[in-house]
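Reading through the C-alpha coordinates given below for one structure.
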Amino acid sequence: QVRLAESGGGLVQAGGSLRLSCEDSGRTVRPYTTGWFRRAPGKEREFVAAINWSGTNTDYTDSVRGRFTISRDNAKNTVYLQMNSLKPEDTAVYYCALSGGLLRLRLPFSYNYWGQGTQVTVSS
(Lines give C-alpha, C1' and ligand atoms only; values in the text may rest on other atoms or scores of the structure.)
Protein backbone atom coordinates (compact mmCIF):
# COMPACT_ATOMS: atom_id res chain seq x y z
CA GLN A 1 0.00 0.00 0.00
CA VAL A 2 1.32 3.41 -0.95
CA ARG A 3 1.42 5.92 1.87
CA LEU A 4 2.60 9.49 1.78
CA ALA A 5 3.45 11.47 4.87
CA GLU A 6 3.96 15.23 4.82
CA SER A 7 5.77 17.04 7.60
CA GLY A 8 7.38 20.37 8.31
CA GLY A 9 4.39 22.65 8.39
CA GLY A 10 3.85 25.21 11.10
CA LEU A 11 3.38 28.85 11.97
CA VAL A 12 5.90 31.36 10.66
CA GLN A 13 6.05 35.13 10.27
CA ALA A 14 5.95 36.75 6.87
CA GLY A 15 9.39 36.65 5.30
CA GLY A 16 10.30 33.46 7.11
CA SER A 17 11.05 29.99 5.79
CA LEU A 18 9.82 26.45 6.17
CA ARG A 19 10.86 23.16 4.60
CA LEU A 20 8.18 20.60 3.91
CA SER A 21 8.97 16.93 3.47
CA CYS A 22 7.00 14.22 1.73
CA GLU A 23 8.05 10.67 2.45
CA ASP A 24 6.50 7.75 0.63
CA SER A 25 6.26 4.21 1.88
CA GLY A 26 8.72 2.90 -0.68
CA ARG A 27 6.13 0.63 -2.24
CA THR A 28 5.41 2.90 -5.17
CA VAL A 29 6.07 1.73 -8.71
CA ARG A 30 8.87 3.85 -10.05
CA PRO A 31 9.50 6.17 -11.81
CA TYR A 32 6.96 8.78 -10.77
CA THR A 33 6.58 12.52 -10.52
CA THR A 34 5.89 14.17 -7.19
CA GLY A 35 3.79 17.28 -6.92
CA TRP A 36 2.92 19.71 -4.17
CA PHE A 37 -0.53 21.26 -4.04
CA ARG A 38 -2.17 23.54 -1.53
CA ARG A 39 -5.64 24.47 -0.46
CA ALA A 40 -6.35 27.73 1.28
CA PRO A 41 -9.58 28.25 3.24
CA GLY A 42 -12.48 28.80 0.89
CA LYS A 43 -10.39 28.18 -2.21
CA GLU A 44 -9.82 25.38 -4.67
CA ARG A 45 -6.80 23.13 -4.44
CA GLU A 46 -4.01 24.61 -6.53
CA PHE A 47 -0.77 23.37 -8.01
CA VAL A 48 2.42 24.58 -6.35
CA ALA A 49 5.36 22.63 -7.75
CA ALA A 50 6.37 19.32 -9.27
CA ILE A 51 9.56 17.34 -9.83
CA ASN A 52 10.23 14.34 -12.00
CA TRP A 53 11.81 11.13 -10.79
CA SER A 54 15.38 12.01 -11.75
CA GLY A 55 15.06 15.53 -10.42
CA THR A 56 16.08 17.02 -13.73
CA ASN A 57 12.77 18.72 -14.45
CA THR A 58 10.84 20.98 -12.11
CA ASP A 59 7.80 23.18 -12.51
CA TYR A 60 6.39 25.94 -10.34
CA THR A 61 3.29 28.03 -10.30
CA ASP A 62 4.09 31.67 -10.97
CA SER A 63 3.23 32.88 -7.48
CA VAL A 64 5.97 30.79 -5.85
CA ARG A 65 8.66 30.73 -8.53
CA GLY A 66 11.86 32.19 -7.14
CA ARG A 67 10.74 31.68 -3.54
CA PHE A 68 10.07 27.93 -3.37
CA THR A 69 12.40 25.10 -4.39
CA ILE A 70 11.38 21.50 -4.90
CA SER A 71 13.97 18.74 -4.63
CA ARG A 72 14.15 15.02 -3.96
CA ASP A 73 16.31 12.38 -2.36
CA ASN A 74 15.28 9.06 -3.84
CA ALA A 75 17.51 7.13 -1.44
CA LYS A 76 15.29 8.43 1.34
CA ASN A 77 12.03 8.22 -0.65
CA THR A 78 11.55 11.87 0.18
CA VAL A 79 10.68 15.03 -1.71
CA TYR A 80 11.22 18.46 -0.18
CA LEU A 81 9.66 21.85 -0.68
CA GLN A 82 11.86 24.65 0.60
CA MET A 83 9.72 27.73 1.08
CA ASN A 84 11.44 31.08 1.54
CA SER A 85 10.13 34.64 1.76
CA LEU A 86 6.77 33.33 2.86
CA LYS A 87 3.73 35.55 2.52
CA PRO A 88 0.38 35.46 4.31
CA GLU A 89 -1.22 34.35 1.04
CA ASP A 90 0.88 31.17 1.22
CA THR A 91 -1.23 30.07 4.18
CA ALA A 92 -2.86 26.75 3.27
CA VAL A 93 -2.82 23.03 3.82
CA TYR A 94 -0.05 21.62 1.67
CA TYR A 95 -0.37 18.19 0.10
CA CYS A 96 2.10 16.04 -1.76
CA ALA A 97 0.98 13.63 -4.45
CA LEU A 98 2.44 11.04 -6.79
CA SER A 99 1.80 10.63 -10.50
CA GLY A 100 2.91 7.84 -12.81
CA GLY A 101 2.15 9.98 -15.84
CA LEU A 102 4.06 12.65 -17.72
CA LEU A 103 1.30 15.00 -18.81
CA ARG A 104 -0.93 17.59 -17.22
CA LEU A 105 1.04 17.52 -14.00
CA ARG A 106 -0.46 20.78 -12.84
CA LEU A 107 -3.86 19.10 -12.58
CA PRO A 108 -4.88 17.18 -9.46
CA PHE A 109 -6.57 14.39 -11.42
CA SER A 110 -3.20 13.40 -12.87
CA TYR A 111 -2.07 12.18 -9.45
CA ASN A 112 -2.88 8.75 -8.07
CA TYR A 113 -1.80 9.03 -4.44
CA TRP A 114 -2.14 11.82 -1.92
CA GLY A 115 -0.90 12.55 1.54
CA GLN A 116 -3.00 13.86 4.42
CA GLY A 117 -1.56 17.36 4.24
CA THR A 118 0.36 19.65 6.55
CA GLN A 119 -0.79 23.09 7.67
CA VAL A 120 1.31 26.14 6.85
CA THR A 121 0.29 29.41 8.44
CA VAL A 122 2.08 32.66 7.66
CA SER A 123 1.32 35.59 9.93
CA SER A 124 1.63 39.19 8.81
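The values are calculated or read from the model by the stated rules, or taken from the named source; none is laboratory data. Just so it is clear, the structure is predicted and the values come from calculations on it, not from any experiment. All Cβ positions, glycine included, derive from the backbone under ideal geometry; neighbour counts span all protein chains shown. Remember, those area values only see protein heavy atoms, side chains included, never the ligands or the DNA or RNA. Shrake-Rupley method; radii C 1.70, N 1.55, O 1.52, S 1.80 Å.
At a glance:
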{"read-out": "Residue satisfying condition, being part of a loop (DSSP other than H, G, I, E, B) and either at pLDDT 95 or above or more than 19 Å from L102 (Cβ to Cβ) (or both), within set G55, G42", "value": "G42"}
{"read-out": "Residue within the range 72-85 that is assigned to a strand (DSSP E or B) and either among the basic types (K, R) or free of Cβ contacts under 8 Å to residues at least 24 places away in the same chain (or both) present", "value": "yes"}
{"read-out": "Filter result (open to solvent by 30 Å² or more (accessible area, probe 1.4 Å), more than 14 Å from I70 (Cβ to Cβ) and either aliphatic (A, V, I, L, M) or part of a strand (DSSP E or B) (or both)) within the range 3-23", "value": "A5, S7, L11, Q13, A14, E23"}
{"read-out": "In the range 24-39, the residues that are hydroxyl-bearing (S, T, Y) and assigned to a strand (DSSP E or B)", "value": "T33, T34"}
{"read-out": "Odd one out for T69 among (1) open to solvent by 50 Å² or more (accessible area, probe 1.4 Å); (2) over 11 Å from the mean Cα position of the chain (by Cα)", "value": "(2)"}
{"read-out": "Residue list for the range 99-120, filter: of a type in the set (A, V, I, L, M, F, W, C), surrounded by fewer than 21 Cβ atoms within 10 Å (Cβ to Cβ), touching a residue at least 24 places away in the same chain (Cβ under 8 Å) and not in a loop (DSSP other than H, G, I, E, B)", "value": "W114"}
{"read-out": "Test result for N84, closer than 17 Å to R106 by Cβ, more than 12 Å from the chain's Cα centre (by Cα) and open to solvent by 30 Å² or more (accessible area, probe 1.4 Å)", "value": "no"}
{"read-out": "Output for the range 24-49, where each listed residue is in contact with a Phe, Trp or Tyr (Cβ under 9 Å, 6 or more places away or on another chain), open to solvent by less than 70 Å² (accessible area, probe 1.4 Å) and farther than 20 Å from E89 by Cα", "value": "D24, T28, Y32, T33, T34"}
{"read-out": "Condition check for S54: of a type in the set (G, A, S), touching a residue at least 40 places away in the same chain (Cβ under 8 Å) and out of contact with any Phe, Trp or Tyr (no Cβ under 9 Å at 6 or more places or on another chain)", "value": "no"}
